[in-house]
Amino acid sequence: MTDPQPESEARRAPTYLQSTQWTFTAAVGVFFAGVVGALVAASVAQGLDPDISDIDFAISVFIGQFLGYGSAVWYLTDRNEGADLGLRLQRRDWWGLPAGFVMQIVVTLALSPLIEWLGGGEEPQQQVAELSTQLTGGWHIGAFGLAVVVMAPFFEEVIFRGLLLSRLLRSVPSWAAVLLSAAAFGGVHLADPDAVFVVPGLIVIGLVLGFAALWSGSLGLPIMIHAGSNLTAFVALVALAGDPEPAQGLLWPVGLGLLFG
């Protein structure tokens, strides 16, 4: 008689969310629903106010993006009779917030020399750093913070770890599934051309989030780690509002790149 499989091994087994049988089409569909939502919101915002500020425009785009994501996720789970997305947050998952802070700092510091080298000795000004100069009012800070610290981690984890990773695990080994989902996570940030410099860091972070999902068996832990990472960059942006230059050397390489999930 063989010994029962340890609980920790069971959590790491490639049966992660397999009972749902999510497809690549579902993952891509949710992602592009967010893209469509963002484009529609951008058109409406520009049409209502041709002189809209950059920060108000960005917030409008975020709202449209998340409405698109949410509508697609609702449709998929309703069509599949509430199929599992791995959305379980337990008390033990809260340690992910400080873990995300540590991960953000370590990855940023480790990759800063590489990114400066890729940039030819210069650190490009990413779009989100420019937006930080407008984070001066309570409404803007609250709305932008909700978008990047709560909504972006939630929906990105649903797409890349809840849908895509669980599907990849049915086709390739666990390590390959995590790597591929991390590469996709980094690649989609190229919507901002300057984000090419942060893709290496985003892939590293995607690897951490993917293995966290497999180890914990749900999205609770990766969502908290992701939120902690984004919160670190967001607090820095607010602290440096009006003068983003100090962020270029330390926070720009990875932290600011995460905010355009």
Label point distance in nm, residue 18-residue 88, each placed 7 Å from Cα along Cα→Cβ: 1.7
Solvent exposure ordering (accessible area, 1.4 Å, most first) of 199, 148: 199, 148
Cα gyration tensor shape of segment 54-112, rounded if a/c is under 1.5, else prolate or oblate by comparing a/b with b/c: oblate
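If R0 is 35 Å, what FRET efficiency do you get for residue 105 and residue 80 from their C-beta distance, rounded to 0.05? Don't jump to the answer; show the numbers that get you there.
Numbers: r = 39 Å, r/R0 = 1.12.
For residue 105 and residue 80, the calculated efficiency is 0.35.
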Accessible surface of segment 15-112 [probe 1.4 Å, protein heavy atoms]: carbon and sulfur percent: 66
Inter-label distance for residue 44 and residue 215, nm, one decimal - labels placed 7 Å from Cα along Cα-to-Cβ: 4.1
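The values are calculated or read from the model by the stated rules, or taken from the named source; none is laboratory data. Only a predicted model underlies this, so the values are computations on that prediction, with no experimental measurement involved. Neighbour counts are summed over all protein chains in view; Cβ atoms, including those assigned to glycine, are modelled from backbone coordinates with ideal geometry. In case anyone asks, the SASA skips ligands and DNA or RNA and just uses the protein heavy atoms, side chains included. Shrake-Rupley method; radii C 1.70, N 1.55, O 1.52, S 1.80 Å.
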